[in-house]
Amino acid sequence: MNLSNLRPAKGSTKNKKRIGRGQGSGRGGTSTRGHKGAGSRSGHKTKIGFEGGQMPLQRRVPKVGFKNINRVEYVGVNLDVLQELVTKHNLTTVDFETLRTHGLASKNDLVKVLGRGELSAKVDVQAHAFSATAQKAIEAAGGSIVKI
């Protein structure tokens with residue numbers, strides 16, 4: 001046995017329907033396109049969402065709200081999470097790479113430190129943004145902040 005004599009299993013394949021090959025084929029004449037109209041002509045293609053002239057769903061549904069294209073999305077990291085990270089791994093600085101290695105942020109994320117919880121350890125934190133309460137808490141504990 002080699003590649004030249006491989007065949008599909010018997011009955012597993014069918015011949016393609018050959019349309020437009022005369023009346024004797026049973027698929028001549030209009031060649032399964034029906035009579036008249038855009039669909040019977042060559043080059044016909046319907047637009048995405050076209051519903052035969054009925055008002056398309058995308059236009060029927062009411063539009064609501066506003067999507068700001070300039071919005072900046074941050075991943076929030078709270079103080080209690082930072083405290084847990086510092087005590088567990090005995091850290092003095094927490095930067096973006098540290099947060100990435102411990103699964104708190106992804107490669108393209110922007111990180112914002114938020115003020116939930118307590119921070120007792122003196123730690124230097126590097127992030128893209130800080131809330132006012134988080135900034136006060138970090139500095140009160142003797143640490144420093146650096147905006148990336």
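Listed by chain and number, the aspartates and glutamates placed with their C-alpha closer than 16 angstrom to that of residue 136 are 80, 118, 124; residues fewer than eight positions away on the same chain are left out.
Once the C-beta distance of residue 16 and residue 108 is scaled by a Förster radius of 30 Å, the resulting FRET efficiency is 0.05 to the nearest 0.05.
Legend: translational diffusion of the stretch 10-54 by Stokes-Einstein, Rh = Kirkwood radius over C-alpha pairs, 37 °C, 0.692 mPa s; D = 249 µm²/s.
Using the Cβ of residue 34 as centre and a radius below 13 Å, the other residues enclosed give a net charge of +4, where K and R count +1 and D and E count -1. Applying the Karplus relation 6.51 cos²θ - 1.76 cosθ + 1.60 with θ = phi - 60° to the stretch 27-33 yields 3J(HN,Hα) values of 10, x, x, 7, 6, 6, 9 Hz, where x marks Gly and Pro. Applying Stokes-Einstein at 10 °C and 1.306 mPa s to the Kirkwood radius of the chain, computed over alpha-carbon pairs, gives a translational diffusion coefficient of 71 µm² s⁻¹. Only protein atoms count toward the accessible area here, which uses a 1.4 Å probe; on the chain, the carbon and sulfur part of that area reaches 51 percent.
Dividing the summed -39500 (n - 2.57) terms of all DSSP H runs of n ≥ 4 by the residue count of the chain sets its mean residue ellipticity at 222 nm at -5500 deg cm²/dmol. Taking amide H as placed 1.01 Å from N in the peptide plane, residue 94 has its amide H under 5 Å from the amide H of 124, 125, 126, each at least 5 places away in sequence or on another chain.
For the residue pairs 88/112; 88/147; 67/88; 63/107, the alpha carbons lie more than 31 Å apart in 67/88; 63/107. With the convex hull drawn over the C-alpha atoms of the stretch 47-114, the volume per residue is 161 Å³. For the pair residue 135 and residue 3 in one chain, pulling the backbone fully straight at 0.36 nm per residue adds 40.6 nm over the alpha carbon distance. Taking every C-alpha pair closer than 8 Å and separated by at least 6 residues, the mean separation divided by the residue count of the chain gives a relative contact order of 15 percent.
Taking θ as phi - 60° and the Karplus parameters 6.51, -1.76 and 1.60, the scalar couplings of the stretch 125-131 work out to 10, 10, 8, 7, 7, 9, 7 Hz in sequence order, x denoting glycine and proline. A cut-off of 5 Å between modelled amide H atoms, ignoring neighbours fewer than 5 places along the same chain, links residue 78 with 114. Direction-averaged projected area, Cα convex hull, the stretch 44-86: 7.1 nm², rounded to one decimal.
The values are calculated or read from the model by the stated rules, or taken from the named source; none is laboratory data. Computed from a prediction, not measured in an experiment: that's the story for all the values here. Glycine also receives a Cβ, built like all others from the backbone with ideal geometry; neighbour counts cover every protein chain displayed. Heads up: the accessible areas ignore ligands, DNA and RNA and are worked out on the full protein's heavy atoms, side chains in. Shrake-Rupley method; radii C 1.70, N 1.55, O 1.52, S 1.80 Å.
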